Amino acid sequence: MTRTPHLASRLQGFGTTIFAEMTALAVKTGALNLGQGFPDTDGPAEVSQAAIDAIRNGVNQYPPGPGMPDLRLAIAEHQARFYNVEIDPDTNVLVTAGATEALAATLLALCETGDEVIVFDPTYDSYAAGISLAGATMRGVLLHPPPEGEAAFSFDPDELARAFNPKTRLILLNTPHNPTGKVFTSDELQLIADLCVEHDVIAVTDEVYEHLVFDGTHELLATWPGMAERTITISSGGKTFSFTGWKIGWAMGPAPLIAAVRTAKQFLTFVNGAPFQPAIAVGLRLGDDYFDEFRHGLLAKRELLCEGLDDIGFTVFRPHGTYFATVDIRSLGFENGIDFCLALPEKAGVVAVPSAVFYQDHRDGLPLVRFCFAKNDQMLNDSIDRLRAAFA
Ligand code: PMP
Ligand code: GLN
């Protein structure tokens with residue numbers, strides 16, 4: 001690989017994120033952007049009004065280091081309300097600049113040089129970079145696409161067991177999983193918990209799509225026996241409230257682990273998002289109808305996009321969670337998803353993301369392509385029409 005000038009070795013190979021690259025391509029070509037995962041409509045008006053009010057009312061200086069007390073309280077209330085998990089807002093919660101900073105601060109705080117971090121491969125792109133910044137090594141356990149007729153991506157339990165070794169510091173679990181849409185099952189969480197306890201490994205869970213589970217239920221690894229004391233649970237308001245640009249996230253866990261993560265966060269951003277913190281607290285306290293409608297709305301979009309893609313002839317892996325659908329392009333006679341996605345804006349006027357870039361070894365996901373369906377129905381229908389005209 002050619003070296004990028006000036007860039008330190010721990011960031012070599014991490015160039016520009018695929019999301020920025022694909023969104024730039026969408027802007028340049030005028031193509032419909034089903035690449036980067038962000039919604040094309042704002043979230044609830046009472047949440048944005050709360051941010052506007054906060055700015056007008058002078059909530060504009062550095063907030064407290066752990067995050068504003070009322071937001072931490074709202075986060076604790078949310079965990080009790082949805083998962084029956086009791087946490088202390090003062091010692092078990094840290095507010096961060098999105099889940100991205102919570103992940104980075106956790107890795108930087110907990111990993112020594114040479115430690116290993118187990119991940120399920122493919123991973124969201126910031127994991128590999130965060131692990132590398134922390135001087136650790138990523139150890140992937142492959143998620144296999146489901147065979148015909150089955151629903152979910154799966155992993156080999158023996159491969160997971162073999163990944164644990166004396167160098168293992170953390171396992172990083174993303175459920176619901178980006179990009180595959182997999183929701184990890186109770187049996188799978190049990191297996192992960194057993195291995196963490198046996199090998200005295202800390203788990204870090206990325207649950208930013210917690211309110212986007214369509215099939216199955218979202219379960220917290222932290223609730224398994226022996227896991228509360230060794231799990232950092234991470235989430236954010238970006239996906240749940242459709243304000244991805246606000247970057248209010250949080251990490252939750254036992255006081256000593258959260259204190260360690262706070263130490264790292266202090267020197268990354270110190271604090272963040274003062275007027276957005278009370279607004280996200282308003283969001284977390286919205287009634288059940290908000291969360292139900294949010295999920296149902298995206299479920300309908302999942303059906304719309306997946307049925308359209310299926311009809312065109314793609315092999316579609318209907319996601320159990322998240323707002324991403326994965327297809328295999330071999331059913332249409334293509335092999336290489338990277339080439340396919342680079343050509344797609346010109347050929348069809350649509351942007352998608354090649355799943356290969358989420359894999360440690362691109363070849364493991366080469367024929368897979370990810371489409372985001374958090375878009376208005378008109379755009380989804382237009383995208384399907386364009387893809388049909390190009391391929392069907
Ligand atoms: N984790 C996953 C799996 C994601 O898809 C994303 C992007 N939305 C993030 C973390 C980053 O979340 P945030 O925008 O809150 O930093
Ligand atoms: N999480 C979003 C995705 O997977 C994008 C976030 C980003 O651009 N970093 O598409």
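The values are calculated or read from the model by the stated rules, or taken from the named source; none is laboratory data. None of these values were measured; they are calculated from a predicted model. Because the Cβ atoms are built from the backbone with ideal geometry, glycine has one as well, and the counts that use them run over all protein chains shown. Areas reflect the complete protein model, heavy atoms only, side chains present, ligands, DNA and RNA absent. Shrake-Rupley method; radii C 1.70, N 1.55, O 1.52, S 1.80 Å.
Being open to solvent by less than 40 Å² (accessible area, probe 1.4 Å), of a type in the set (Gly, Ala, Ser) and farther than 15 Å from TYR323 by Cα is the filter here; which residues of segment 11-42 pass it?
Matches in segment 11-42: ALA26, ALA31.
Taking the residues in segment 109-161 that are within 17 Å of the chain's Cα centre (by Cα) and of a type in the set (D, E, K, R) as candidates, determine which candidate is farthest from THR315 (Cα to Cα).
ASP125
Could you tell me which numbered condition VAL261 fails, if it satisfies all but one of (1) surrounded by fewer than 24 Cβ atoms within 10 Å (Cβ to Cβ); (2) away from ligand 2 (no atom under 16 Å from the Cβ); (3) under 16 Å from GLY98 (Cα atoms)?
(1)
Do you know which of the residues in segment 86-136 that are among the polar types (S, T, N, Q) and either under 18 Å from SER9 (Cα atoms) or within 11 Å of ligand 1 (Cβ to nearest atom) (or both) is surrounded by the fewest Cβ atoms within 10 Å (Cβ to Cβ)?
First, pick out the residues of segment 86-136 that are among the polar types (S, T, N, Q): 91-92, 96, 100, 106, 113, 123, 126, 132.
If we keep only those that are either under 18 Å from SER9 (Cα atoms) or within 11 Å of ligand 1 (Cβ to nearest atom) (or both) as well, we get 96, 100, 113, 123, 126, 132.
On the way: THR96: 30, THR100: 21, THR113: 8, THR123: 23, SER126: 19, SER132: 19.
So the residue we want is THR113.
Note down all Cβ pairs under 7 Å where the first residue falls in segment 78-91 and is without any contact (Cβ under 8 Å) to a residue 24 or more places away in the chain, the second is open to solvent by 30 Å² or more (accessible area, probe 1.4 Å) and in a loop (DSSP other than H, G, I, E, B), and they're at least six residues apart or on different chains.
Note: pairs meeting the criteria are ALA80/GLU86.
Going by the conditions given, is PHE276 at pLDDT 95 or above and either out of contact with any helix residue (DSSP H, G or I) (no Cβ under 9 Å at 6 or more places or on another chain) or open to solvent by less than 20 Å² (accessible area, probe 1.4 Å) (or both)? Let's see the steps before the verdict.
On the way: at pLDDT 95 or above: yes; either out of contact with any helix residue (DSSP H, G or I) (no Cβ under 9 Å at 6 or more places or on another chain) or open to solvent by less than 20 Å² (accessible area, probe 1.4 Å) (or both): no.
Answer is no for this residue.
For segment 114-147, which residues satisfy the criterion of being part of a loop (DSSP other than H, G, I, E, B) and over 24 Å from MET252 (Cα atoms)?
Once the filter is applied, which keeps residues that are part of a loop (DSSP other than H, G, I, E, B) and over 24 Å from MET252 (Cα atoms), segment 114-147 yields GLY114, PRO122, LEU143, PRO145, PRO146, PRO147.
Any chance segment 47-63 includes a residue that's away from ligand 1 (no atom under 16 Å from the Cβ), touching a residue at least 12 places away in the same chain (Cβ under 8 Å), among the basic types (Lys, Arg) and in a helix (DSSP H, G or I)?
no
Pull up segment 153-195, narrow it to residues that are of a type in the set (A, V, I, L, M) and open to solvent by 30 Å² or more (accessible area, probe 1.4 Å), then point me to the one that is nearest to ligand 2 (Cβ to nearest atom). Even if it seems obvious, please write down each step before you answer.
Of segment 153-195, the ones of a type in the set (A, V, I, L, M) are 160-161, 163, 170-173, 183, 189, 191-193, 195.
The next check asks that each one be open to solvent by 30 Å² or more (accessible area, probe 1.4 Å); those that pass are 161, 191.
Numbers: ALA161: 29, LEU191: 26 Å.
Going through the qualifying residues, I end up with LEU191.
Given the options GLU198, GLU150, GLU219, name the one that is surrounded by fewer than 24 Cβ atoms within 10 Å (Cβ to Cβ), acidic (Asp, Glu) and part of a helix (DSSP H, G or I).
On the way: GLU150 fails: part of a helix (DSSP H, G or I); GLU219 fails: part of a helix (DSSP H, G or I).
Among GLU198, GLU150, GLU219, only GLU198 is surrounded by fewer than 24 Cβ atoms within 10 Å (Cβ to Cβ), acidic (Asp, Glu) and part of a helix (DSSP H, G or I).
Which of the residues spanning segment 43-85 are on the phi > 0 side of the Ramachandran plot and open to solvent by 40 Å² or more (accessible area, probe 1.4 Å)? First the steps, then the outcome.
So the first thing to find is which residues in segment 43-85 are on the phi > 0 side of the Ramachandran plot, and the list is 58, 67, 84.
Listed by number, the residues that qualify are GLY58, ASN84.
Hey, TYR290 hits all of (1) surrounded by fewer than 24 Cβ atoms within 10 Å (Cβ to Cβ); (2) aromatic (Phe, Trp, Tyr); (3) within 17 Å of the chain's Cα centre (by Cα) but one; which does it fall short on?
Status for TYR290: all satisfied but (3).
Quick check on GLU207: is it charged (D, E, K, R), modelled with pLDDT of 95 or more and open to solvent by 10 Å² or more (accessible area, probe 1.4 Å)? Quick ask: steps written out before the conclusion?
Details: charged (D, E, K, R): yes; modelled with pLDDT of 95 or more: yes; open to solvent by 10 Å² or more (accessible area, probe 1.4 Å): no.
When the stated conditions are applied, GLU207 does not pass them.
Inspect segment 239-257 for any residue being open to solvent by less than 10 Å² (accessible area, probe 1.4 Å), more than 16 Å from ligand 2 (Cβ to nearest atom), assigned to a helix (DSSP H, G or I) and within 28 Å of ARG169 (Cα to Cα) and give the result as yes or no.
no
For segment 360-383, enumerate the residues that are among the hydrophobic types (A, V, I, L, M, F, W, C), in contact with a helix residue (DSSP H, G or I) (Cβ under 9 Å, 6 or more places away or on another chain) and in a helix (DSSP H, G or I).
Selection gives LEU380 alone.
Can you pull out the residues in segment 345-360 that are in contact with a strand residue (DSSP E or B) (Cβ under 8 Å, 6 or more places away or on another chain), away from ligand 2 (no atom under 16 Å from the Cβ) and either without any contact (Cβ under 8 Å) to a residue 60 or more places away in the chain or on the phi < 0 side of the Ramachandran plot (or both)?
Passing the criteria: PRO345, GLN360.
Please count how many residues of segment 222-238 are open to solvent by 20 Å² or more (accessible area, probe 1.4 Å) and within 16 Å of ligand 2 (Cβ to nearest atom).
Quick first cut of segment 222-238, residues open to solvent by 20 Å² or more (accessible area, probe 1.4 Å) only: 222-226, 228-230.
Filter once more, so that each one left must be within 16 Å of ligand 2 (Cβ to nearest atom): none.
Here the count works out to 0.
Does segment 325-359 hold any residues that are within 16 Å of ligand 1 (Cβ to nearest atom), of a type outside the set (Phe, Trp, Tyr) and not in a strand (DSSP E or B), and which are they?
ALA352, SER355, VAL357
Counting only residues that are surrounded by fewer than 19 Cβ atoms within 10 Å (Cβ to Cβ) and part of a strand (DSSP E or B), how many does segment 302-324 have?
1
(1) in contact with an Asp or Glu (Cβ under 9 Å, 6 or more places away or on another chain); (2) closer than 30 Å to SER9 by Cβ; (3) more than 16 Å from ligand 1 (Cβ to nearest atom): which one isn't true of GLU159, the others all being true?
(1)
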